[in-house]
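As structure tokens, the structure follows; a few thoughts come after it.
The values are calculated or read from the model by the stated rules, or taken from the named source; none is laboratory data. Remember, predicted model here, so these are calculated numbers, not experimental data. Positions of Cβ are generated from backbone atoms using ideal geometry, with glycine treated the same way; all protein chains shown enter the neighbour counts. These accessible areas exclude ligands, DNA and RNA; they are computed on the full protein's heavy atoms, side chains included. Shrake-Rupley method; radii C 1.70, N 1.55, O 1.52, S 1.80 Å.
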Amino acid sequence: MKPCQLSVSICCIVLLTAVYSEPAACYFDKKEADYRPGLYVVKDTLKSVNRYQHLAHDLYERKLFKQAIVQWKKVLHLQPTNAFAMFMLGKSYMGAGEQKKGERLCDEALILGEQPGKNSCHSVEGF
């Protein structure tokens, strides 16, 4: 088989798999307990979130704000409603010099976390 034929075959297989597969998230949206055996999306996601969050917090503590931003974004990609990660992303943006963007994210995180009695903190120090 020629290399170009192999590439075309692999592309077709990947495309057909994507078209005819149901996303893993759909299995967890269903009310019935008809999960496929061997599907560990939630467990793996939690491990990834935990790893990214620890790394991001460590980078934030070492004042490596731009690198911390990358890790907080990974956490939020996996858990879009994680108010703590959103707040820390805002704090990291403020540390990196993007004050307005950081303030906006911190305020959104406070609203998301349903903490109406607390004032938003708009500085890197003190956290």
Go through (1) open to solvent by 70 Å² or more (accessible area, probe 1.4 Å); (2) at pLDDT 90 or above; (3) assigned to a helix (DSSP H, G or I); (4) not aromatic (Phe, Trp, Tyr) and name the single condition Leu59 misses.
(1)
Residue list for segment 62-77, filter: touching a helix residue (DSSP H, G or I) at 6+ places or on another chain (Cβ under 7 Å) and either assigned to a helix (DSSP H, G or I) or surrounded by 13 or more Cβ atoms within 10 Å (Cβ to Cβ) (or both)
Phe65, Gln67, Ala68, Ile69, Gln71, Trp72, Lys73, Lys74, Val75, Leu76
Need pairs with beta-carbon distance below 6 Å; first residue crowded, with 18+ Cβ neighbours inside 10 Å and within segment 78-99, second of a type in the set (Lys, Arg); sequence gap 6+ or separate chains.
Tyr93/Lys101; Ala96/Lys66
